Amino acid sequence: MKLALLGYGKMGKTIEEIAVNRGHEIVLKLEEDIDTFELDKMEIDVAIDFSVPKAAFKNITTCFKNNIPVVCGTTGWLDDYEKAVDICKKEDSAFIYASNFSVGVNLFFELNRKLAKMMNGMSDYEVEIEEIHHTQKQDAPSGTAISLAQQIITENDKKNNWQLDHAEEDEIPVKAKRIENVPGTHTVSYISKIDTIEIMHTAKSREGFALGAVISAEWIKDKKGVFTMKDVLSDQIK
Ligand SMILES: NC(=O)C1=CN([C@@H]2O[C@H](COP(=O)(O)OP(=O)(O)OC[C@H]3O[C@@H](n4cnc5c(N)ncnc54)[C@H](OP(=O)(O)O)[C@@H]3O)[C@@H](O)[C@H]2O)C=CC1
Ligand SMILES: O=C(O)C1=N[C@H](C(=O)O)C[C@H](O)C1
């Protein structure tokens, strides 16, 4: 498969290594404005965007207009997600966005949903989320922490929103810490006066994120429509 890497930083380089090992060819490594390339003259099966929040929407929609399916892991641009979905549908293209492509985190998401359902109505416990990432990260909280919060809000009758640090009673507090070289750690805690229940996912490297993105590119290659990692992993996560 011929892949375009939109963003060639820490993730772009890890994806390249895994994609080449799985027999794919990298035909474009983008680190600047996408308009500098004539995509219509290039042969690209799937584009994988791990760039920067300010570039993601333009990168993705330019691909849709050139009939190139997109796998996007860039976080911090989601105010424009619905607009991107509309353009994907209008152009009859294909799109997967995931705040986290690792299989482990997607299992963790399922655990989070189940725990949230169990804890709904347990009024002695207050929920909070903490994420820790490397110091170069541009957005806070992480896309994964936002996904975790949204999953809890869906199950919890008392929480309607999330907030960085200081939350109101109907909001989930999310703490974002930045520590050198941490690939990504997420913890969901339910805290009462007498105990704490915690679930945690710790990424040991970027390999899991990158492998999930390449598997998603292989999966979406000949499809049309808007998908999630739940679709990609439907055979594995029941
Ligand atoms: N969904 C998931 O599973 C994961 C998501 N992420 C997300 O992926 C994104 C990238 O992460 P990471 O690789 O660590 O970040 P990096 O900063 O290492 O890489 C971003 C790259 O994008 C380049 N870039 C800047 N402008 C553009 C542009 N207009 N078009 C294309 N590329 C551009 C940067 O170039 P330059 O340095 O020259 O500015 C840089 O090479 C982040 O949003 C992060 O949150 C990360 C890990 C997992
Ligand atoms: O920027 C990162 O590094 C990561 N970003 C994603 C996020 O914002 O959730 C996923 C992962 O945690 C690493």
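The values are calculated or read from the model by the stated rules, or taken from the named source; none is laboratory data. Remember, it's a predicted structure, so these values are computed and weren't measured experimentally. As a convention, Cβ positions derive from the backbone with ideal geometry for all residues, glycine included, and neighbour counts pool all protein chains shown.
So the values come out like this:
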{"quantity": "Region 4-22, residues that are among the hydrophobic types (A, V, I, L, M, F, W, C), buried (at least 21 other Cβ atoms within 10 Å of the Cβ) and touching a Leu at 6+ places or on another chain (Cβ under 8 Å)", "calculated": "A4, L5, L6, I15, A19"}
{"quantity": "Region 114-151, residues that are within 20 Å of K230 (Cβ to Cβ) and within 17 Å of the chain's Cα centre (by Cα)", "calculated": "S142, G143, T144, A145, I146, S147, L148, A149, Q150, Q151"}
{"quantity": "Restricting region 165-206 to residues that are more than 20 Å from L107 (Cα to Cα) and of a type in the set (A, V, I, L, M), the residue that is farthest from ligand 1 (Cβ to nearest atom)", "calculated": "I194"}
{"quantity": "Any chance E180 is exposed (fewer than 13 other Cβ atoms within 10 Å of the Cβ) and away from ligand 2 (no atom under 16 Å from the Cβ)", "calculated": "no"}
{"quantity": "Matching entry among K89, K65, K58, K10 (being under 30 Å from T185 (Cβ atoms), at pLDDT 95 or above and either assigned by the TED database to the domain that holds K137 or among the charged types (D, E, K, R) (or both))", "calculated": "K10"}
{"quantity": "Neighbours by Cβ (under 7 Å, 6+ apart or cross-chain): first from region 131-150, free of Cβ contacts under 8 Å to residues at least 12 places away in the same chain; second among the aliphatic types (A, V, I, L, M) and within 11 Å of ligand 1 (Cβ to nearest atom)", "calculated": "none"}
{"quantity": "Residue in region 99-135 that is surrounded by the fewest Cβ atoms within 10 Å (Cβ to Cβ), counting only those that are closer than 24 Å to I237 by Cβ and of a type in the set (S, T, Y)", "calculated": "S99"}
{"quantity": "In region 55-80, residue nearest to ligand 2 (Cβ to nearest atom) [restricted to those that are polar (S, T, N, Q) and in contact with a helix residue (DSSP H, G or I) (Cβ under 8 Å, 6 or more places away or on another chain)]", "calculated": "T75"}
{"quantity": "Output for region 6-50, where each listed residue is within 13 Å of ligand 1 (Cβ to nearest atom) and among the basic types (K, R)", "calculated": "K10, K13, K29"}
{"quantity": "Region 190-206: number of residues that are buried (at least 17 other Cβ atoms within 10 Å of the Cβ) and more than 16 Å from ligand 2 (Cβ to nearest atom)", "calculated": "1"}
{"quantity": "Condition broken by T144, with the remaining ones in (1) buried (at least 17 other Cβ atoms within 10 Å of the Cβ); (2) of a type in the set (S, T, N, Q); (3) away from ligand 2 (no atom under 16 Å from the Cβ); (4) assigned by the TED database to the domain that holds I179 satisfied", "calculated": "(3)"}
{"quantity": "Check on I96, surrounded by 24 or more Cβ atoms within 10 Å (Cβ to Cβ) and over 15 Å from G12 (Cβ atoms)", "calculated": "yes"}
{"quantity": "Top-ranked residue of region 53-92 - restricted to ones that are among the aromatic types (F, W, Y) and over 15 Å from E32 (Cα atoms), ranked as surrounded by the fewest Cβ atoms within 10 Å (Cβ to Cβ)", "calculated": "Y81"}
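Okay, residues lined up against (1) in contact (Cβ under 8 Å) with a residue 12 or more places away in the chain; (2) within 17 Å of N100 (Cβ to Cβ); (3) hydroxyl-bearing (S, T, Y):
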| site | (1), (2), (3) |
| --- | --- |
| K175 | yes, no, no |
| R178 | yes, no, no |
| D195 | no, no, no |
| T202 | yes, yes, yes |
| G208 | yes, yes, no |
| K224 | yes, no, no |
| D231 | yes, yes, no |
| I237 | yes, yes, no |
